[in-house]
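I have placed the structure first, in the form of structure tokens, so that the comments after it can refer back to it.
Nothing in this text is a laboratory measurement; each read-out follows from the coordinates by a stated rule. On a predicted model such as this, the values are computed, not experimentally measured, just so you know. All Cβ positions, glycine included, derive from the backbone under ideal geometry; neighbour counts span all protein chains shown.
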Amino acid sequence: MTERLRQTALVLHALDATDRQWMLAQLNADDRQQLDIHLAELVQLGIPRDSALVEQLLAQLDGTAERAGQVASQLRAASAETMDRVFADEPSWLVSTVLRIEHWAWRDAFLERMDTSRRDRIARNLTVPVPNSMATAMLARIAPRLDSVQANDIARPAECKPASRFAQRLGALVRRWL
């Protein structure tokens, strides 16, 4: 983990201060504290900010750009029910980021399905634009879960789909336990 933190700190160090602060704000307090220590060390050692590190990271993400386009197509065809299952265990900031990528046809119905507290946390940031590289990364992040949910939908006959939201959540909980 320490090596990953150091690599992450190097990339964050290379970012513009505003972008760096935004990225750090997305992390939990423990990770942010550890990264702050590494970032302070880089400044103390006089390590120059190397934008090539950011470019290398973005080049790695280029391979995910094609997959992100496929995921975006899948999301355009998705339903609010499907997205409810895809985002069930995802943090609010990730859900908000994906919702900001474009105005998905299912977005309003999806937001109405969730509890008020979570909906409010997500809705607070829906007007902030998402940079293309961030959109690519977020779509790549949810791709495996989207594939899994859609594969499960295909495998389940229509007559077996639960009628209520409670039954859907209970089914998801039981699948996690197994």
In Hz, Karplus ³J(HN,Hα) per residue of the range 144-153 (6.51, -1.76, 1.60; θ = phi - 60°; x = Gly, Pro):
x, 5, 4, 4, 5, 5, 5, 5, 5, 5
Order by protection proxy (mean Cβ within 10 Å, highest first), peptides 41-48, 28-35, 106-113, 136-143:
136-143, 106-113, 28-35, 41-48
Please give, to one decimal in nm, the separation of the simple spin-label points placed at Leu126 and Asp36, each 7 Å out from Cα toward the Cβ.
3.3
For the pair Gln7 and Gln44, the simple spin-label estimate (label points 7 Å beyond Cα toward Cβ) gives in nm 2.4
³J(HN,Hα) computed for each position of the range 39-46 - Karplus, 6.51 cos²θ - 1.76 cosθ + 1.60, integer Hz, glycine/proline x:
5, 4, 4, 4, 5, 4, 7, x
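Of Ile37, Ile122, how do they rank once you tally other Cβ atoms within 10 Å and put the fewest first?
Ordered by Cβ neighbours within 10 Å, fewest first: Ile37, Ile122.
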